[in-house]
Amino acid sequence: MPNFRRLSTGGLLAGVLLVLCSIASVQFGASIAKTLFDRIDPAALTLLRLGIAAGVMLLIARPDIRSWNRAAWRSIVFLGLSLAAMNLLFYLALPRIPIAVAVTLELIGPLVLALVQSRRAVDFAWVGLAAIGVGVLGAQSIGGALDPLGVVFALAAGVCWALYILASAAVGRNVAGVGGLAGALVIAMVAVLPFGLLGAIDALAADPGVLLPAFAVAMLSSAIAYGLELLALRRVPTRVFGILMALEPAAAAIFGFLVIGELLGTWDLVALALVVAASAGVALTAARVRPMPPTTGQMPLVP
């Protein structure tokens, strides 16, 4: 893991700004996506986003699939399926619950994974903190303030996010460069086809103009965010990167308000703060135990 003393102040600051820009790009894209669900259903938008992102990444990466062995193909298929499920479930949650709540619940998956990999007793305190936050949101859904199915979709997306991180690490070990990610995006697109093809055809036939914002969503939440994170990871320690990524729910709350006027209730904000604190705490303590494994870019392509 990089040593803080070896990093120039300018380089570290630039890296932090790149991470923050990546977070903003992802959540701006998610906010735009939520404005489109009266024009296109979630599965169809997921298909368009993955298809556009796959096309862009294929042009950039130009993967040499002939060099991929069986282990590489297994990890790429695993990554593609986890990407498909993560994106689809997240977009199914968005019409039902606020963006910031969905991102907060989704963050539980990577949080639990980091704790399992760390296995330090102190980290169970972070589990408790996050559990309280989830409990608050669960009580909100039981009380009718949040849609229970939206909560379930977001939590399931979090499980898939954890699987995505594991798959990304496997692809990073087995495939050089970003070609594996391009292949995984193609597989993800194919996996979503049965769920989104008819809806996409209907939406584009009725409103061809929806393709432009769908392209913006794909670029903001995938290609641009991924490029920014790759640049950031060359400039900041993985521990700092992990802590900053814990700001995703806060960024979701900001862009949810700015783009679509979503206001969170007091208890929603309390839950968000608890999960953000738990995620930052895990990143701070777990990174001291073991370095982040090589990945295709651990957090790009999050919804």
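For segment 8-286, the residue among ALA33, ALA191, ALA176 whose Cα projects farthest onto the positive side of the dipole built from Cβ charges is ALA176. Remark: segment 8-286 carries a charge dipole of roughly 960 debye about the Cα centre, counting +1 on each Lys and Arg Cβ and -1 on each Asp and Glu Cβ.
Going through [x] 20; [y] 10; [z] 7, the figure that equals percent of Cα pairs over 37 Å apart as computed for the structure here is [y]. Considering only VAL240, PRO42, VAL259, whose Cα is most displaced toward the positive end of the charge dipole of segment 8-286, charges sitting on Cβ of Lys, Arg (+1) and Asp, Glu (-1)? Working it through, the farthest residue towards the positive pole turns out to be VAL240.
Tell me which DSSP H helices of the chain clear both cut-offs, 18 Å or more of axial length from alpha-carbon atoms and a mean Kyte-Doolittle hydropathy of at least 0.5.
Helices passing the filter in the chain: 9-35, 42-61, 70-93, 123-142, 148-174, 179-206, 266-286.
GNM on the chain, alpha-carbon springs under 10 angstrom: the most fluctuating residue among VAL217, VAL122, VAL159 is VAL122. Dividing the mean sequence gap of close Cα pairs (under 8 Å, 6+ apart) by how many residues the chain holds gives a relative contact order of 41 percent.
Over all other residues within a Cβ to Cβ distance under 13 Å of LEU45, the charged ones net out to -1, with Lys and Arg as +1 and Asp and Glu as -1. Annotation: extensible slack from ALA176 through LEU204 equals 6.4 nm (criterion: 0.36 nm per residue apart, minus Cα-Cα distance). When shorter helices are ignored and each DSSP H run of at least 4 residues is given -39500 (n - 2.57), the per-residue value for the chain at 222 nm works out to -25000 deg cm²/dmol.
Bear in mind these aren't lab numbers, they're just calculated from the coordinates by the rules spelled out. These figures come from a predicted structure and were not determined experimentally. Virtual Cβ from ideal backbone geometry, glycine too; neighbours counted across all protein chains shown.
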